[in-house]
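The values are calculated or read from the model by the stated rules, or taken from the named source; none is laboratory data. All figures in this text were calculated on a predicted structure; none of them were measured in a lab. Here the Cβ positions follow ideal geometry from the backbone for every residue, glycine too, while neighbour counts run over all protein chains shown. Heavy atoms of the whole protein, side chains included, go into the accessibility calculation; ligands, DNA and RNA do not. Shrake-Rupley method; radii C 1.70, N 1.55, O 1.52, S 1.80 Å.
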Amino acid sequence: MTSSIRFLMCAPDHYDVDYVINPWMEGNVHKSSRDRAVEQWQGLFHILKDRAVVDLVKPQKGVPDMVFTANAGLVLGNNVVLSRFFHKERQGEEPFFKEWFESQGFTVYELPKDLPFEGAGDALLDREGRWLWAGYGFRSELDSHPYLAKWLDIEVLSLRLMDERFYHLDTCFCPLANGYLLYYPPAFDSYSNRLIELRVPAEKRIAVSEKDAVNFACNAVNVDRVVIMNKASDELKERLGNLGFEVLETPLTEFLKAGGAAKCLTLRVTEPIIPDHRAIAAVESRVVRMDGHLLDAGLINQALDLIVEGGGSFQVLNFQLGEQRQSTSSADVKVTAPSHEVMEAIVAQLIDLGAVPPPQEVCDIIWEAAPQDGVAPDDFYVTTIYPTEVRVNCEWVKVQKQRMDGAIVVSETANGITAHCKLLRDLKQGDRVVVGVEGIRTVRKTESREQRNTQEFSFMGSGVSSERRVELVVEQIAWEMRQIRDQGGKVVVTAGPVVIHTGGGEHLAGLIRQGYVQALLGGNAIAVHDMEQSLMGTSLGVDMKRGVSVRGGHRHHLKVINTIRRYGSIANAVEQGVVTSGVLYECVKNNVPFALAGSIRDDGPLPDTQMDLIKAQEDYARLIEGADLILMLSSMLHSIGVGNMTPAGVKMVCVDINPAVVTKLSDRGSVESVGVVTDVGLFLSLLTQQLERLTSPYKLAQLV
Ligand code: ARG
């Protein structure tokens with residue numbers, strides 16, 4: 001008997017599954033056998049008694065889970081942090097455990113009310129005493145971890161639990177003697193897995209299979225070389241055996257029905273303090289303020305969701321609810337994250353939602369020099385489509401050339417400070433690049449409920465519409481295009497070859513001819529098939545009038561490419577009277593600029609197709625500048641390319657037969673994008689009809 005080790009247990013006199021607070025308890029209420037539970041508990045008790053001292057705390061009526069003494073608190077040396085149970089069903093255990101610890105002379109620390117922490121169920125000491133692993137996500141709150149670090153004076157490594165079957169850290173994680181670790185990696189998020197891998201070398205990590213995990217193999221008690229658990233596969237026994245551990249199985253199936261096994265039923269109360277390992281908690285907190293129609297527009301939900309999904313946790317400190325329909329709300333949210341890195345990733349996303357630090361905490365940006373041409377400092381802030389401002393010398397400066405996926409460069413000129421978005425490849429060594437998340441804010445328009453509902457363009461919300469509603473959306477788009485044309489605005493069209501294949505070519509050509517389009521973006525294919533139709537009457541070899549494949553038609557487009565190549569450019573072929581109709585013809589005739597971006601699958605290419613993609617991106621960006629509306633017609637590739645370079649505020653209409661493409665592209669906030677799931681040829685035909693109705697004075701008179 002290693003009498004220096006002591007455990008605390010609690011006999012199952014009142015044990016039963018009385019309620020459901022974890023997935024194991026579901027369907028098991030009152031399904032466990034008291035006799036079998038007693039027998040199984042005795043089995044564990046005797047195994048432990050042969051190897052350590054076992055203390056007992058008196059079982060109490062009405063708190064059946066008190067058998068799980070691991071949840072009494074977390075002991076280190078003479079200190080104990082008492083549990084604060086998440087569920088009210090278990091809160092009744094707290095005073096009994098407190099009394100026991102006090103009777104044994106422990107110094108008892110109690111967490112603030114409403115800050116859950118479930119003791120050694122969620123906090124496990126590295127067996128060498130070097131640090132404390134602490135779980136969060138289901139029962140214990142991340143904010144409790146800094147208290148553990150402070151009171152127990154130990155480094156705390158926070159691990160986020162992801163699988164509700166493994167709701168306590170000790171259900172899927174078990175540090176063993178000599179620095180080994182028995183654990184089930186899928187129970188953790190990727191950041192936590194990385195942290196584990198950083199601290200525990202590969203040869204010491206014993207990952208268990210799901211089969212072992214659900215048998216609670218990780219819920220094991222380790223005394224020196226012995227590892228006691230409910231059940232282990234032969235494979236696991238062998239692996240542990242090879243590492244010098246002896247596995248003792250003792251059935252605990254009655255307790256599995258409540259979601260616990262060997263480790264849960266015990267609390268090691270002798271945890272010696274190992275000097276030299278001092279308090280550090282990587283856990284960070286900061287407060288952000290959000291203003292706007294937080295509830296109406298769902299902003300607060302989005303913010304809280306992204307904090308939790310990003311691996312952090314939150315506390316809403318102050319919520320000022322705007323009571324009138326038009327009044328805005330404001331909230332201060334305390335964000336807690338397990339590390340600085342995770343904090344920055346979360347805050348960067350909150351900035352996208354318009355979060356700012358509370359006024360007393362606003363600071364200037366931090367910048368670092370670009371280390372070489374075309375390379376940003378590691379921690380650079382990645383821009384979004386939303387108008388952004390950066391704070392330099394206590395002044396907010398608007399970022400120019402806003403687009404997503406860039407870096408922000410600040411410069412000081414004679415006229416003061418300027419800031420602009422730059423693509424990585426355009427950075428020059430020494431450019432002052434904004435890093436971290438300090439001093440950055442995005443300006444999100446506060447749209448009221450009214451605006452969201454009445455703004456002519458948000459009519460369909462960012463929803464994706466199909467079938468009958470298509471007609472209504474098209475009517476709106478036609479109206480919008482008419483307005484833009486009358487006001488001398490700019491409509492940019494990005495189109496794929498499907499426009500031609502579906503018979504939309506003539507309609508698009510018509511729109512260009514009538515001055516509705518100010519720039520055309522596409523790839524090699526739309527131009528090829530457009531001119532194939534003009535020269536040979538087919539599109540990818542399909543006769544456009546009869547809708548059937550023409551013998552040898554697959555050669556057509558290569559003949560066309562060859563012809564245009566001979567003339568040197570599309571414009572030349574038009575001027576020479578070779579191409580006499582179609583989309584590109586109208587572009588040339590009406591001086592509508594176009595850019596064709598090449599890709600790996602291009603035949604030819606046409607002489608106009610830009611195969612240098614950096615140049616093609618620049619051409620696109622130039623043509624998009626100042627756009628009021630972008631029509632994206634059946635080209636995932638070119639449309640996403642365009643979406644990436646367009647700042648918020650530009651209206652977008654995305655038409656595709658594939659809902660996935662539409663959803664991906666129209667996910668840009670409610671007011672500015674409309675998705676239409678339909679055949680693009682049909683869409684263009686409807687659009688042309690609607691525009692005609694708007695134009696014809698007779699029909700207009702009929703409409704009013
Ligand atoms: N029914 C108990 C609960 O859900 C089981 C606790 C198991 N204990 C543990 N340390 N994992 O809280």
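Residue count for the range 233-276 under the criterion of being of a type in the set (Gly, Ala, Ser) and within 16 Å of the ligand (Cβ to nearest atom): the result is 5. You will find that of Phe86, Phe45, Phe96, the residue that is within 24 Å of Trp133 (Cα to Cα) and among the aromatic types (Phe, Trp, Tyr) is Phe86 and no other.
Checking each residue in the range 18-44 for being basic (Lys, Arg) and either within 14 Å of the ligand (Cβ to nearest atom) or touching a Phe, Trp or Tyr at 6+ places or on another chain (Cβ under 6 Å) (or both) picks out only Lys31. Here the range 269-302 is the region considered, the condition is being open to solvent by less than 50 Å² (accessible area, probe 1.4 Å) and over 37 Å from the mean Cα position of the chain (by Cα), and the residue that is nearest to Arg90 (Cα to Cα) is Val269.
Considering only residues in the range 83-107 that are assigned to a loop (DSSP other than H, G, I, E, B) and open to solvent by 80 Å² or more (accessible area, probe 1.4 Å), the one that is farthest from the ligand (Cβ to nearest atom) turns out to be Gln104.
For every residue, the table says whether it meets (1) part of a helix (DSSP H, G or I); (2) closer than 16 Å to Gly312 by Cα; (3) within 15 Å of the ligand (Cβ to nearest atom).
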position	(1), (2), (3)
Ser140	no, yes, yes
Ser144	yes, yes, no
Tyr147	yes, no, no
Trp151	yes, no, no
Val156	no, yes, no
Leu159	no, yes, yes
Arg165	yes, no, yes
Asp170	yes, no, yes
Cys174	no, no, yes
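A residue that is assigned to a loop (DSSP other than H, G, I, E, B), touching a Pro at 6+ places or on another chain (Cβ under 8 Å) and either hydroxyl-bearing (Ser, Thr, Tyr) or more than 15 Å from Pro357 (Cα to Cα) (or both) can be found somewhere in the range 303-325. The set of residues in the range 45-82 being within 16 Å of the ligand (Cβ to nearest atom) and in a loop (DSSP other than H, G, I, E, B) consists of Val57, Pro59, Gln60, Gly62, Val63, Phe68, Ala72.
Quick grid of which residues meet (1) crowded, with 21+ Cβ neighbours inside 10 Å; (2) at pLDDT below 95:
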| site | (1), (2) |
| --- | --- |
| Arg6 | no, no |
| Cys10 | yes, no |
| Asp13 | no, no |
| Asp16 | no, no |
| Asn22 | no, no |
| Ser33 | no, yes |
| Arg36 | no, no |
| Phe45 | no, no |
| Leu48 | yes, no |
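Based on this model, can you work out whether Ala220 counts as within 15 Å of the ligand (Cβ to nearest atom), crowded, with 18+ Cβ neighbours inside 10 Å and farther than 30 Å from Glu110 by Cα? When the stated conditions are applied, Ala220 does not pass them. From the list Leu111, Leu125, Leu115, the one residue that fits, being within 16 Å of the ligand (Cβ to nearest atom) and either in contact with a Pro (Cβ under 6 Å, 6 or more places away or on another chain) or closer than 16 Å to Ala149 by Cβ (or both), is Leu125.
If you go through the range 306-341 and pick out every residue that is open to solvent by 10 Å² or more (accessible area, probe 1.4 Å) and among the β-branched types (Val, Ile, Thr), you end up with 3.
The test for being of a type in the set (A, V, I, L, M, F, W, C), surrounded by fewer than 20 Cβ atoms within 10 Å (Cβ to Cβ) and not in a helix (DSSP H, G or I) holds for Leu111.
Taken as a whole, the condition of being more than 16 Å from the ligand (Cβ to nearest atom) and either open to solvent by 10 Å² or more (accessible area, probe 1.4 Å) or farther than 18 Å from Phe68 by Cα (or both) does not apply to Asn215. Summed over the range 357-387, residues that are in a strand (DSSP E or B) and crowded, with 18+ Cβ neighbours inside 10 Å total 2. Meeting the requirement of 3 or more residues that are buried (at least 24 other Cβ atoms within 10 Å of the Cβ) and not hydrophobic (A, V, I, L, M, F, W, C), the helices (runs of 4 or more DSSP H) wholly within the range 477-545 are 524-536.
Residue under question is Asp234, and the condition is that it be more than 22 Å from Arg268 (Cβ to Cβ), among the acidic types (Asp, Glu) and more than 29 Å from the chain's Cα centre (by Cα); does it hold? In short, yes.
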